[in-house]
1. Of the listed peptides 185-196, 91-102, what is their order by residue-averaged count of other C-beta atoms within 10 Å, with the highest listed first?
2. Just add up the charged neighbours of Arg346: K/R +1, D/E -1, any other residue whose Cβ is under 13 Å from the Cβ of Arg346.
3. Using modelled backbone amide H atoms (1.01 Å from N, in-plane), which distant-in-sequence or interchain residues come within less than 5 Å of Phe149's amide H?
4. Along the Cα→Cβ direction, 7 angstrom out, place labels at Ile309 and Ile373. What is the inter-label distance in nm?
5. Explain nothing, just the number: dipole magnitude of segment 318-405 about its Cα centre with +1 on each Lys and Arg Cβ and -1 on each Asp and Glu Cβ, in debye rounded to the nearest 20.
6. If you count, for each residue, the other Cβ atoms within 10 Å and average over each peptide, how do 144-150, 55-61 line up from highest to lowest?
7. Could you run the Karplus curve 6.51 cos²θ - 1.76 cosθ + 1.60 with θ = phi - 60° over segment 348-353 and give me ³J(HN,Hα) per residue in whole Hz, x for Gly and Pro?
8. Output the peptides 15-21, 366-372 sorted from most to least packed, where packing is the average of other Cβ atoms within 10 Å over each peptide's residues.
Amino acid sequence: MLYIYKIKRVGKLGMRSLVEHKLRSLLTTLGIIFGVGSVIAMLAIGEGASYAAREQIRQMGSTNIIIRSRKPEESTSATNNTQNLISYGITYEDIMRIRKLFPDVRIHVPAREINTQLMNQATRIPTVVVGTIPWHLNNSQEKVIYGRFIDEYDMDTYANSIVLCENTAARLFPLEFPLGRHVYVGSQAYLVVGIISSGDGSNAGTGAAGAVEEKEVYKAYISLTAASKRFGDTIVKRESGSTSMEKVEIHQLTITALSDDQVMPLAVAVRQTLAEFHKKMDFQMTIPLELLNQAEATKRIFNIVLGSIAAISLLVGGIGIMNIMLASVTERTREIGTRRALGATRKDIIMQFLVESVLLSVIGGLIGVGLGIGVPKAVTLIAGLTTIIQPYSILMAFCISMATGVVFGIYPAIRAAALSPIEALRHE
C-alpha cells in the first residue's frame with residue numbers, strides 16, 4: 001500500500017510539473033505524437049494496399065492456371081515488306097492433350113481475341129472482341145448488369161449476339177439504352193443481348209497480339225463458335241506498307257486444379273507438356289497462387305520497411321524527451337536538493353523524473369493513436385484508397401511510446417539522483 005501511495009503522489013507531482021510548463025510539454029510530446037501516428041497510419045495504408053493487391057490476385061482464382069498465347073520474340077523482330085504467315089500460341093490440340101493427360105483438371109474459358117472496330121451510326125471505337133463460352137463469367141470479376149451473357153444457343157447457332165462491357169456501351173450509346181439494338185463489327189450486324197460490368201478489363205488489357213495497352217480498353221463478347229466462323233484463326237495486320245498474317249487459335253485458356261496443393265505440380269506438368277510441342281515458347285503461364293505468395297512476402301517486407309521508417313520518428317521523439325528532462329534536471333537542482341535534505345532517497349528522485357518522462361510519452365502516445373486512426377480514415381474518405389487498421393499496430397505503437405519514455409527517461413533520472421544534496425542546495 002505504501003508503494004502504491006508513493007506512485008500516486010509522485011504521479012501527481014509529475015503531472016503538476018508538466019501542467020506548469022504546458023507549451024514545453026506539448027512541444028516535447030510532438031515527436032511521440034507524430035511517431036505513434038505515423039506508425040499506425042503507414043501500416044494501415046500499407047496493409048490496405050497489400051490487401052487490395054491480394055484480393056485482385058485472389059479473384060483470379062487461387063486454384064487457376066492462366067495460359068496465354070504469346071508472340072515469339074524472333075517473330076516480332078522479323079519484319080519485312082512481304083506477306084508472311086506466323087502461327088503461334090495455344091491450339092485446340094493442346095486443349096485435347098491437357099484433357100487427356102489430366103482428366104481430373106477442369107478446362108474452361110478458352111478465349112479468342114480480335115482487335116477490330118465496333119460501330120453504331122457515326123460512332124466508331126477500337127474494340128477487343130472476345131470469342132468465349134457461356135461459363136466465362138464463372139471465373140471473372142465481370143458481372144451481368146442488364147440482359148444476359150452468351151448462352152448455349154448462341155454457341156450452337158453461331159448467332160450474331162454480342163455482350164458489351166459497360167464502358168463500351170456508354171461510348172457507343174451515350175443517349176440511348178443499348179439492349180436490343182444492333183452494333184456493327186465490320187460489315188456484320190450484331191444484336192446487343194447483354195451489358196456486363198467492365199471488371200478488371202476496363203482500363204488495362206492485352207490486345208490480340210499480346211501487347212499491353214495503357215489507355216482505356218473497350219471490350220465486347222461473342223460466342224467462340226461465331227468468332228471462329230466469322231473471323232477465322234488468321235489475323236491480318238497492315239502496318240507501314242507491309243502486311244503480316246498471324247494465326248492464333250486460342251489467346252487464353254484457364255485450367256483449374258482440384259486444390260491449392262496441386263496447383264504448382266500441375267503447372268509444372270502442363271508447362272512441360274506444352275513445351276514439347278511449342279519449341280519457340282509461344283505461350284506464357286500466370287499462376288495466381290504463386291503471385292499471391294509473392295504478394296504475402298512483399299507485404300511482410302513492406303510492413304518492416306514502413307515500420308522502420310515510422311520508428312525513426314519515435315526515436316526522434318525519445319531524444320526530445322531526454323533533452324527536455326536533462327534541461328528540467330538543471331532547472332530543478334535546488335528542488336532536488338531540498339527533497340534530498342528532507343529525506344527523499346535517490347530511488348524517490350529517480351521515480352519522480354521517470355514518472356514525468358513516462359507521462360509525457362503516454363500522453364503523446366494516446367494523442368498519436370487518435371491521429372493514427374484518423375489519418376487512414378481521412379485517406380479512405382478523400383482518396384478512396386483501402387486502409388486497414390490492425391489492432392496489433394495500435395498496441396505495438398503505444399507500447400513502443402511507453403518504452404521510449406522509460407528508456408530515454410532513465411539517464412536524466414539517474415543524473416538527477418546522483419546530485420549531491422549540499423551542492424544542489426547551493427545551486428543558483
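Just so you know, all these numbers are worked out from the coordinates, no wet-lab data involved. This is a predicted model, so every value here is computed, not measured. Here the Cβ is made from the backbone with ideal geometry for all residues, glycine too, and neighbour counts use every protein chain on show.
1. 185-196, 91-102
2. Result for the local shell: +3.
3. Amide H neighbours of Phe149, under 5 Å, 5+ apart: none.
4. 2.5
5. Working: 7 positive and 4 negative charges, 45 e Å.
That gives segment 318-405 a dipole magnitude of about 220 debye.
6. Values: 144-150: 17.7, 55-61: 16.1.
Descending packing order for the listed peptides: 144-150, 55-61.
7. 5, 5, 4, 5, 4, 6
8. Details: 15-21: 13.4, 366-372: 20.7.
Peptide ranking by packing, descending: 366-372, 15-21.
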